[in-house]
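Quick note: the coordinates plus some simple rules give every number you see, no bench work behind them. Given the structure is predicted, the values throughout are model-derived calculations rather than measurements. Glycine gets a Cβ as well: all are built from the backbone with ideal geometry, and neighbour counts include every protein chain shown.
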Amino acid sequence: MMRLFEFGATVVATCLLFVSCSTDPEWSLAEGQHTETFRGGRFLLYLPQGTLQHSAPKYPLLIFLHGLGESGSDINKIKKYGPPSFLDARLDFPFIVASPQATRHFNLDELNRLLDELLVKLPVDKDRIYLTGFSMGGINTYRWASTRPGTFAAIAPVSGAGILEDACKLKGVPIWAFHGAKDERVKLADDEGMVNAIKACGGEIKFTVFPDIGHSPEAAYANPELYEWLLGHHLAN
């Protein structure tokens, strides 16, 4: 990381190489979790304590995709589940976290624009980019990762399901999927089908089923082993 004035100078210099930067919204780059705007909408950005105070390290990036119920224009709705639900009270979470809000459904072009802006504006380690999401976000975790080979070091769909035709596109991505056995919204069988298809392609996937849980992500995101597992994967490995 760089001192704030050095970091800003680097952003300006980088933007000279990318004309699109001239139209990108400016970010406050404050530590902690706060709202920012990108060329596709709004998102919650979390920066760990010390992100802007040092000149050497780069940080792992975790992108969280919310469920359908958190879509809309009230950005605080995203704080219902997943990392955004606890990041207001923490400064020591070891990731930069970006949590975009969909107006209704996620658009992959908008998500790609967000990722491009994050990589230009923030000190992100490109070998440690991780993706997770719940429900609609879990579905789009499978979907987005299948279109971005060589981008995500690991993904963790929660209460998701995938398109079986995309399964072999994910065989090179470490995956840890979570699902509640009593889920009535996104059926366990649909996720099992995706898991089995990825395995049949030779993919590396773990599958945790919570026998007494329905459509809820809380058990998955409360598990510290999830974040340790993510950090254990690196594109250069």
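Buried (at least 24 other Cβ atoms within 10 Å of the Cβ), in contact with a strand residue (DSSP E or B) (Cβ under 8 Å, 6 or more places away or on another chain) and part of a helix (DSSP H, G or I): does that describe Ile63?
When the stated conditions are applied, Ile63 does not pass them.
What are the residues in the range 134-183 that are part of a loop (DSSP other than H, G, I, E, B) and touching a residue at least 40 places away in the same chain (Cβ under 8 Å), if any?
Ser135, Gly150, Ala153, Ser159, Pro174
Collect the residues in the range 30-67 that are over 16 Å from Glu117 (Cβ atoms), within 17 Å of the chain's Cα centre (by Cα) and of a type in the set (Gly, Ala, Ser), keeping them in residue-number order.
Across the range 30-67, the qualifying residues are Gly32, Gly67.
At least 2 residues that are touching a helix residue (DSSP H, G or I) at 6+ places or on another chain (Cβ under 6 Å) in each: list the helices (runs of 4 or more DSSP H) lying fully within the range 184-237 that qualify.
188-200
I need a count of the residues in the range 202-234 that are exposed (fewer than 15 other Cβ atoms within 10 Å of the Cβ) and closer than 14 Å to Val173 by Cα.
The total comes to 4.
Which one of the conditions (1) buried (at least 22 other Cβ atoms within 10 Å of the Cβ); (2) in a helix (DSSP H, G or I); (3) more than 10 Å from the chain's Cα centre (by Cα) does Ala102 fail to meet, given that it meets all the rest?
(2)
Would you check if there is a residue in the range 117-125 being at negative phi, without any contact (Cβ under 8 Å) to a residue 40 or more places away in the chain and part of a strand (DSSP E or B)?
Checking the range 117-125: not a single residue is at negative phi, without any contact (Cβ under 8 Å) to a residue 40 or more places away in the chain and part of a strand (DSSP E or B).
Restricting attention to the range 66-99, and to residues there that are assigned to a helix (DSSP H, G or I) and of a type in the set (Asp, Glu), which single residue is nearest to Thr35 (Cα to Cα)?
Asp88
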